[in-house]
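To keep things clear, I will list the structure first and then write my remarks on it.
Throughout, read-outs are computed from the coordinates displayed, never taken from laboratory work. Nothing here was measured: the structure is a model prediction, and the numbers come from that model. Because the Cβ atoms are built from the backbone with ideal geometry, glycine has one as well, and the counts that use them run over all protein chains shown.
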Amino acid sequence: MRCEHPPGSGDACVTAILDVRDLTKVYGDTTALDNVTLSVEEGALFGLLGPNGSGKTTMIKSLTGQVRPSGGSATVLGRDVVADPVGVRSQVGIIPEQETPPSFLTSEEYLHLVGAIRKIPDIEEQMTWWFEYLEFGEKRDVLCKDLSRGTRQKLMFAQAFLHRPVLALIDEPLINFDPIMQEKVKDFLADYVKKGNTIFISTHILEIAEEICSGFAVLHKGKLLSTGRVADVTEGGMHLGDYFLSLVRAGGHV
Amino acid sequence: MFELFLAMMKEEWRVHSTMFGSLSFALYPVLIFAIACMGSFLIPLIRPLLPFGDLALVTHALFLLLGLMVGAFGLLINEVMERRFGQASTLAYAARTLPLSERVIFLNFVVKDTVYYFVLWVLPFVAGFALAAPFAGIPLATPALLLLTLSLSFLTGLSMAFFLSMVYARSKVLLAAVSVLLAGAIFTAHLGGVSLFLPLTLFRAFSPVTLAAACAVVLILAALSIALLRPEAAARAKHHREMLVPLARRLSPLPYPALAAKDCIDLLRSGSAVGQTLFSFLIPLGVIWFCLSLLDPFLPASGILLLFAALTGVVASTMYIWLTMFDSFGPYACLPLGVADVMKSKVCSFAVLQLLPAAFIALVAVCAGEAAHLLPALVLCLSVSFYGLAVTVYLTGLSPNVLLYDPRVLVLYLLALGAPLVALIVLSFMNPWYATASVVLVGVGWWVVQKGFVKWEGREVVGY
Ligand SMILES: Nc1ncnc2c1ncn2[C@@H]1O[C@H](COP(=O)(O)OP(=O)(O)OP(=O)(O)O)[C@@H](O)[C@H]1O
Ligand SMILES: [Mg+2]
């Protein structure tokens, strides 16, 4: 990725895989994102935290070109999300907040569709691996609309990682999973990052964020309240949850 | 129960009004009122050409058709909303969590559709007619009677649609049998000089007995469909064969074979392949053919075939709605696809679907003993259809089903389509072969479609 600093300028060059500058998104009279500036390093498991309605989903949608920012800019993997949304989406994996696989396709057909559009050569092996890993192979011939929420979420996980993206953006990754599946998915995410990939998740489950994330940002009413490394908060003996609550409570009175 | 009804009414209004703004949607009845009023002023002019009786027939047939379409669409809308806004988003779904039986919910749904569209469509039409009646030399009692008989026509269509779709949900064979029986009954009655279309009979000669009979038909059909209603998912096949890969291979000449295959699967598995062909294609065209046949004496030779071909083209262009109604951009938004890519693939799937109108026109031409003019009829039908598609794509992007309710868009659509249509019909009345001039529309349509792709690519997609 491009380095923000000229070579030899002294500063260590941190490669930002995701770079957000003064991003603003206004829906009618709601400001969902308010001048947010944020950057995520390569290899991070980054958690975007915030209460309901704070703008997390809007951030993920803006970063993947699904909504058009009202102001500011964002680059993902060096591509501008406004100028080249399709280019961004071809590189990254996305799991949206609402798991909406096409109703009338079976799980298997949906993954085939994704494989065809993303031109994944080893789609069969990938698919088999995911059916086995997330234990939903027996649902491969069931229509998506007849799947349970958890199974739909599994399917959305599989579709996002089929092409082994270097960056995955996941809106609330664990919310529909049972505890066993949650462990499995957490392991997968940790492992995926270890291989040098980057993961950007949004969540309001702070224990999970504290457990798996390396970096974090806190949004509140569309404003960025804080961003940093999880370790910097927890090293001081504080839980991310307490830190978050104190921030949001203070932020709420601004 | 009444609360549920009120909530459903509000929901219906919000669904429509959030799509394009309440003001825009509220203008819809005004538009119908204006059209009916202006049309009625023309009655004295039309009369020498088309007897008042025939005009009444056409109007009643149109409201019957309207009822059929609203009924069919009403049943589909649940599925559509679920598709677009996620599960349990409509009250018909959400109400299942309430201590109400499926039948009560459905009854509410039927009553809601009836009242809603009555206020939106039937009432403004009659009001427009009533306003013009004194100026057109029509006694004021006529609009009052018309309000009654048109409402009955509309209700007959609505209950018929509910009835047929409930039969369809039970068994396709049963639907075929019932359809044949119905067609047979109508035909025999027609031969015997008896009209089974009671609302019209009532309009021509009011009698309490006919009124009772017409109401009974509606009530019986509605009662039957409620009786036939089967609580959800009783007999749904749970497992499905993988069809995407083989279908995509077969569609490989198209630019996005996998997307086209998905469209085909959607049509098949949602039941719209049969349902839409019947309710949005064959039945409307049947009614149109019937109305046109009344005009036959006034048309030049082969005129009826070409006029019908042009109108079939218009109806065929609405097949774009079939392709988009179960689809939202949501699932595509995770993939490296732009809006224009999805639209392009829909246009390709549309092209494949055009085999249906092509075969249909061929059949009609042969059956009507007009095989000699098959070629111009085909060219006219398909060109008009493609041009209609282009206009729809440009005006409405990926959500034609909802946007066509927007009166502003509708007026634009009618103007864009009406002008060339009239020109072509006049041309083909001069000489059937002149209809081939319609290929020009293909060129224009191509240009409009490209403009549409650019226009919608630049828009943010709602609905996920
Ligand atoms: N399409 C839209 N139209 C209008 N307002 C919207 C739209 N999408 C989101 N908003 C508003 O933007 C704000 C941020 O919403 P967003 O969905 O990004 O929140 P979130 O942090 O993801 O919340 P949650 O934790 O509940 O998922 C909210 O006030 C929401 O009402
Ligand atoms: Mg959210």
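Here are a few things to note about the model shown:
- Converting phi to 3J(HN,Hα) with the Karplus coefficients 6.51, -1.76 and 1.60 and the offset θ = phi - 60°, the range B:110-124 yields 5, 5, 4, 4, 4, 5, 4, 7, 4, 5, 7, 10, 5, 4, x Hz in sequence order, with x at every glycine or proline.
- Using the Cβ-Cβ distance between B:TRP289 and B:VAL426 with R0 = 25 Å, the FRET efficiency computed as 1/(1 + (r/R0)^6) comes to roughly 0.75.
- Shielding by partners - mean other protein chain Cβ count within 10 Å, residues of B:238-249: 5
- Whole-Hz ³J(HN,Hα) from phi, Karplus 6.51 cos²θ - 1.76 cosθ + 1.60, for the range B:370-382, glycine and proline x: 10, 3, 4, 9, 4, 4, x, 5, 4, 4, 4, 4, 5
- Take the Cα of B:ARG170, step 7 Å toward its Cβ, do the same at A:GLU42, and the gap between the two points is 6.7 nm.
- Residue range of chain B that is longest and free of GluC sites (Glu not before Pro) which are both DSSP loop and sparsely packed (at most 16 other C-beta within 10 Å): B:1-231
- Loop trypsin sites (Lys or Arg not before Pro), the range B:163-260 (other Cβ atoms within 10 Å of the site Cβ: 15 or fewer; DSSP): B:ARG236, B:LYS238, B:ARG241
- Peptide ranges B:152-165, A:124-137 listed from the most packed, as the mean C-beta count within 10 angstrom indicates: B:152-165, A:124-137
- Projected area, mean over directions - the range B:233-368, Cα convex hull, nm²: 11.0
- Dividing the summed -39500 (n - 2.57) terms of all DSSP H runs of n ≥ 4 by the residue count of chain B sets its mean residue ellipticity at 222 nm at -24000 deg cm²/dmol.
- Modelled FRET efficiency - R0 25 Å, B:PHE298 with B:ALA368, Cβ distances, 0.05 increments: 0.90
- With Rh defined as the Kirkwood radius, the inverse of the mean 1/r over Cα pairs, the Rg/Rh of the range A:99-164 is 0.92.
- Counting Cβ atoms of other protein chains within 10 Å of each residue's Cβ and taking the mean over peptide A:53-66 gives 1.
- Cut-off under 5 Å, modelled amide H: who pairs with A:GLU41 long-range: A:ILE17
- Taking all Cα-Cα distances within the range B:247-464, those exceeding 31 Å account for 21%.
- Calculated [θ] (222 nm, deg cm²/dmol) that DSSP helices of n ≥ 4 give over chain A, each run adding -39,500 (n - 2.57): -11000 deg cm²/dmol
- The calculated FRET efficiency for B:VAL104 paired with B:ARG204, based on their beta-carbon distance and R0 = 41 Å, is about 0.60.
- Cα gyration tensor, the range B:96-183 - rounded (a/c under 1.5), prolate or oblate: oblate
- Per residue of peptide A:110-122, the mean number of Cβ atoms on other chains within 10 Å of the residue Cβ is 4.
- Between the range B:392-443 and the range B:46-72, the alpha-carbon center distance in angstrom: 22
- Each residue, B:ALA227 and B:ALA141, gets one label point 7 Å from its Cα in the Cβ direction; the gap between the two is 3.8 nm.
- With eigenvalues of the C-alpha gyration tensor scaled by 5 and rooted, the protein assembly as shown, Å: 54, 28, 25
- Anisotropy class of chain B from Cα gyration tensor, a/c 1.5 cut: rounded
- Computed packing ranks the peptides B:422-431, B:436-445 as B:436-445, B:422-431, most packed first, by mean other Cβ atoms within 10 Å.
- Highest to lowest packing among B:115-127, B:174-186, scored as the average C-beta count within 10 Å: B:115-127, B:174-186
- Over all pairs of different C-alpha atoms, the range B:115-161 has a mean inverse distance whose reciprocal, the Kirkwood radius, equals 11.1 Å.
- Taken as Cα centroids, the range B:122-149 and the range A:48-108 sit 54 Å apart, rounded to the nearest whole angstrom.
- Convex hull volume per residue in cubic angstrom - Cα atoms of the range A:179-254: 103
- Only lysine pairs 8 or more places apart or on separate chains count here, and in chain B those with Cα atoms under 28 Å apart total 15.
- Chain A: C-alpha gyration tensor shape, a/c 1.5 cut-off, then a/b vs b/c: prolate
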